[in-house]
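Single-structure report; data block below.
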Amino acid sequence: MNKKLSLLIATTFLNCFLLHAQKSKKQNIAFAEQQTKVMLQSVNEAKANSKNTNAVVPRSIKEDGSLALISSRDWCSGFFPGELWYLYERTHNSQWLSEARKYTALIEQEQFDKGTHDLGFKIYCSVGNAYRLTHDPHYKDVIITAAKTLSQRFNPQVGCIKSWDNRKEWQFPVIIDNMMNLELLFAATRLSGDSSFYKIAVTHANTTLKNHFRADNSSYHVIDYDPQSGQVLHKQTHQGYADESAWARGQAWGLYGYTMCYRETKNPVYLQQAERIATFILNNPTLPADKVPYWDFNAPNIPNAPRDASAAAIMASAFYELSHYSKSGKLYKATANKIMSSLSTAYQVKPGGSKGFILLHSTGHLPAKSEIDVPIIYADYYYLEALLRQ
């Protein structure tokens, strides 16, 4: 075959593929818009029927099929405002800007909450996106204040930010999820010039790298430390199948967290760790062909175990970012594309259904029999983030 003709055919095929991918992305954004309109109506109806005036944003669907609303104190409260900001970013629709500002305002008081490590989830997913897209100095102030609040949970002897308070079974618990809250601290240093936030984030990441990961680069969920000596007291997987199992969302948090830390520091050690976690995930024999993991990679009843679309969405978003930094970028992008293709088909809700959520089949806390095989707000948030990163 003529070389020019071969090149023309290949180029035409590539352009058609890219056009189809773009069309699919546009369709998925449009679907997310329609579902979010349903969600806004569902939230208003749930508020009208609720006696709890503090319940202001959606989290999941209850067993009776009703919408589960939460207060700003819940660790998931920042995700719905964040979704609204993502829709505004993609569409520039003033409706989404208005709704994003309104729902973000409901969360801002959390900047002063000293009783949680989840200020990154609550404040950065909402207010962080708000500042990124508007440069409103008010949002900048909220981010810096939240970082100061979060910094008070840092123990220099341990080298980490404490995760949970008032838990009798642990003295100073640190969970892998906590890696996600470091983005707030990195942002605060950029915005304020105060390097103390940066130093806390890096120290936490280094300590977690040292103690959270097994030889195969899977991670424990919880490491308990002695707050006086910094010694590791116990390692376990609280939300997974067993202490030595690989809880799927925990692996996703680690992948995303170290990819983000590399972005913020350019420390090659963090890139290497992200790549190692990626290798564990992609080479795991229990990872299904559609790349949407079971809730735990070691769940005993695979292939009949529940899936976790939330873990898949987090992984997809992380893989897209990691693809820009790693020599294995093509593999990571292809993996993210496969995950998003799966989530956008078999895991999407029926149009207009499920109170306005986007994705089905997430698993929150299976050992506690909580939020099993249901839509969960953080799955939708990271799915939208991944769509924007495609």
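The values are calculated or read from the model by the stated rules, or taken from the named source; none is laboratory data. Everything quoted here is computed from the prediction, not taken from an experiment. No Cβ is skipped: glycine too gets one built from the backbone with ideal geometry, and neighbour counts run over all protein chains shown.
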Which numbered condition in (1) part of a loop (DSSP other than H, G, I, E, B); (2) touching a Leu at 6+ places or on another chain (Cβ under 7 Å) is the only one that residue 299 fails? (2)
Pairs needed: first member in region 78-98, farther than 18 Å from residue 28 by Cβ and modelled with pLDDT of 95 or more; second member anywhere, part of a helix (DSSP H, G or I) and of a type in the set (D, E, K, R); C-beta distance under 7 Å; at least 6 residues apart or different chains. 78/122
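Quick check on region 166-179: of everything there that is within 20 Å of residue 253 (Cβ to Cβ) and of a type in the set (D, E, K, R), which residue is modelled with the lowest pLDDT?
Initially, region 166-179 is screened for residues within 20 Å of residue 253 (Cβ to Cβ), giving 167, 170, 172-179.
Subsequent filtering for residues that are of a type in the set (D, E, K, R) retains 167, 177.
Numbers: 167: 88, 177: 98.
Out of the qualifying residues, it is 167.
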Within region 89-136, restricting to residues that are basic (Lys, Arg) and assigned to a helix (DSSP H, G or I), the one that is farthest from residue 41 (Cα to Cα) is 132
Of the residues that make up region 294-312, is at least one polar (S, T, N, Q) and closer than 28 Å to residue 28 by Cβ? yes
Those residues that are surrounded by fewer than 24 Cβ atoms within 10 Å (Cβ to Cβ) and in contact with a His (Cβ under 7 Å, 6 or more places away or on another chain), I need them from region 222-247; list them, please. 224, 236, 237, 238, 239
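Which ones in region 247-289 are of a type in the set (Ser, Thr, Tyr) and either assigned to a loop (DSSP other than H, G, I, E, B) or farther than 18 Å from residue 385 by Cβ (or both)?
Of everything in region 247-289, those that are of a type in the set (Ser, Thr, Tyr) and either assigned to a loop (DSSP other than H, G, I, E, B) or farther than 18 Å from residue 385 by Cβ (or both) turn out to be 265, 270, 279, 286.
For residues that are of a type outside the set (Val, Ile, Thr), surrounded by 14 or more Cβ atoms within 10 Å (Cβ to Cβ) and more than 23 Å from residue 118 (Cα to Cα), scanning just region 38-61, find the one that is modelled with the lowest pLDDT.
Going through the qualifying residues, I end up with 50.
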Looking at region 341-390, which of the residues that are charged (D, E, K, R), within 18 Å of residue 299 (Cβ to Cβ) and in contact with a strand residue (DSSP E or B) (Cβ under 8 Å, 6 or more places away or on another chain) is surrounded by the fewest Cβ atoms within 10 Å (Cβ to Cβ)? 373
Within region 310-365, how many residues are in a helix (DSSP H, G or I), within 16 Å of residue 263 (Cα to Cα) and out of contact with any Leu (no Cβ under 7 Å at 6 or more places or on another chain)? 6
Does residue 168 satisfy the criteria of being over 24 Å from residue 323 (Cα atoms), touching a Gly at 6+ places or on another chain (Cβ under 9 Å) and free of Cβ contacts under 8 Å to residues at least 24 places away in the same chain? no
Might you check whether a residue that is over 17 Å from the mean Cα position of the chain (by Cα) and on the phi > 0 side of the Ramachandran plot occurs anywhere in region 228-239? yes
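Of all residues in region 167-190, count the ones that are of a type in the set (Val, Ile, Thr) and in a helix (DSSP H, G or I). Step through it out loud before you land on a result.
Taking region 167-190 as the starting set, the residues that turn out to be of a type in the set (Val, Ile, Thr) are 174-176, 189.
Those left that are additionally in a helix (DSSP H, G or I): 176, 189.
Number satisfying all stated conditions: 2.
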Under 6 Å between Cβ atoms, which residue pairs at least 6 apart in sequence (or on different chains) link something in region 196-225 that is under 17 Å from residue 280 (Cα atoms) with a partner that is polar (S, T, N, Q) and surrounded by fewer than 20 Cβ atoms within 10 Å (Cβ to Cβ)? none
How many of the residues making up region 100-110 are touching a Leu at 6+ places or on another chain (Cβ under 7 Å) and either farther than 16 Å from residue 57 by Cβ or hydrophobic (A, V, I, L, M, F, W, C) (or both)? 1
List pairs: first in region 270-299 and farther than 23 Å from residue 374 by Cβ and touching a residue at least 40 places away in the same chain (Cβ under 8 Å), second polar (S, T, N, Q) and assigned to a loop (DSSP other than H, G, I, E, B), Cβ under 7 Å, 6+ apart or cross-chain? 271/326; 275/326; 275/328; 276/217; 277/217; 279/217; 280/217; 280/218
Which residues, counting only those in region 366-390, are within 19 Å of residue 122 (Cα to Cα) and either more than 16 Å from the chain's Cα centre (by Cα) or part of a strand (DSSP E or B) (or both)? 376
If you check residue 130 against the conditions, is it under 19 Å from residue 190 (Cβ atoms) and at pLDDT 95 or above? yes
Please tell me if residue 287 is of a type in the set (A, V, I, L, M), over 21 Å from residue 163 (Cα atoms) and under 22 Å from the mean Cα position of the chain (by Cα). yes
